[in-house]
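A.B. asks: One structure, as structure tokens, below. Some questions next.
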Amino acid sequence: MTNKLSYKEIQKIFWEKVLKNYKLRFAICFALIICSSFAELLTISSIIPLLSILSSPETMFSDTKIAPILDLFSITSSQELIMAFSLFFCFAALLGAFFRTVCLIYSSRMAFSIAHQLSLKTYENALKRSYAKHISTNSADVVTTISYQLERVVYNLIFQAFLLVSALVVSLIILAALVYMNPVLTLSIAIVCSLFYLVITLIIKKILLKESEQIVEAS
């Protein structure tokens, strides 16, 4: 029976000794995700008005909802309208890219900072074992746990979890806005996309399981 650190032991170290020191960083990361989501929504929602303005800018001056905004910024010609909305779209796109980049950098740094702490705690636990366990344990197991398994936990679990949460929040906010504008069409598209995703998942599931087994055997 092997004495190497199990994934349960790694998870216990992670939740009890590492995660509690990162509560504030998690809150900041989530705030960045929310800001990035609304910036994405702003970018997407400005595409259709921009295309409408480029195709027929004159109709915007007769729109009762947009007229007060045009009066506020003293926009009186089609060229000024196109220029203003183009600048607004560029600003929204740059704002979204900025928040995405900051969120990605911050989450990746936090993930690998957690990996560093997790590695130290795991190595510390390994050193505190009794002499009997040390001589009965293959040193390669400890090396594999610290250098390889922890890297997999960080990249495949922690970092990917950040990306998943970010994608989910962005998707939910955009989906909520689309449902508000056209619920029937939005739900129809969501169902079709979900079915398509399910089919792809079922197809590649066996392939992923087979390759995962090969990775475990190789390690």
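A.B. asks: Label points 7 Å out from Cα along the Cβ direction at Tyr22 and Gln214: separation in nm?
C.D. replies: Going by the 7 Å Cα→Cβ label model, 3.0 nm.
A.B. asks: Which FRET efficiency, nearest 0.05, do Leu70 and Thr201 yield, Cβ-Cβ r, R0 35 Å?
C.D. replies: Calculated value: 0.15.
A.B. asks: Could you look at segment 87-129 and say what percent of its accessible area is carbon and sulfur, using a 1.4 Å probe and all protein chains?
C.D. replies: 72
A.B. asks: Taking 0.36 nm per intervening residue step and subtracting the Cα-Cα distance, what contour gain separates Ser194 from Leu51 on full extension?
C.D. replies: Between Ser194 and Leu51, full extension yields 48.6 nm more.
A.B. asks: Next question. With r defined as the distance between the Cβ atoms of Thr137 and Leu104 and R0 fixed at 45 Å, what FRET efficiency is calculated, to the nearest 0.05?
C.D. replies: 0.70
A.B. asks: Give me the net charge of Ile34's neighbourhood, meaning all other residues with Cβ under 14 Å from the Cβ of Ile34; Lys, Arg count +1, Asp, Glu -1.
C.D. replies: 0
A.B. asks: For the full complex of protein chains and a 1.4 angstrom probe, list Met110, Met181, Met83 by accessible area with the highest value first.
C.D. replies: From most accessible down to least: Met181, Met83, Met110.
The values are calculated or read from the model by the stated rules, or taken from the named source; none is laboratory data. As the structure is a computational prediction, the values presented were derived from the model and not from experiment. Neighbour counts are summed over all protein chains in view; Cβ atoms, including those assigned to glycine, are modelled from backbone coordinates with ideal geometry. With ligands, DNA and RNA removed, areas are computed over all heavy atoms of the protein, side chains included. Shrake-Rupley method; radii C 1.70, N 1.55, O 1.52, S 1.80 Å.
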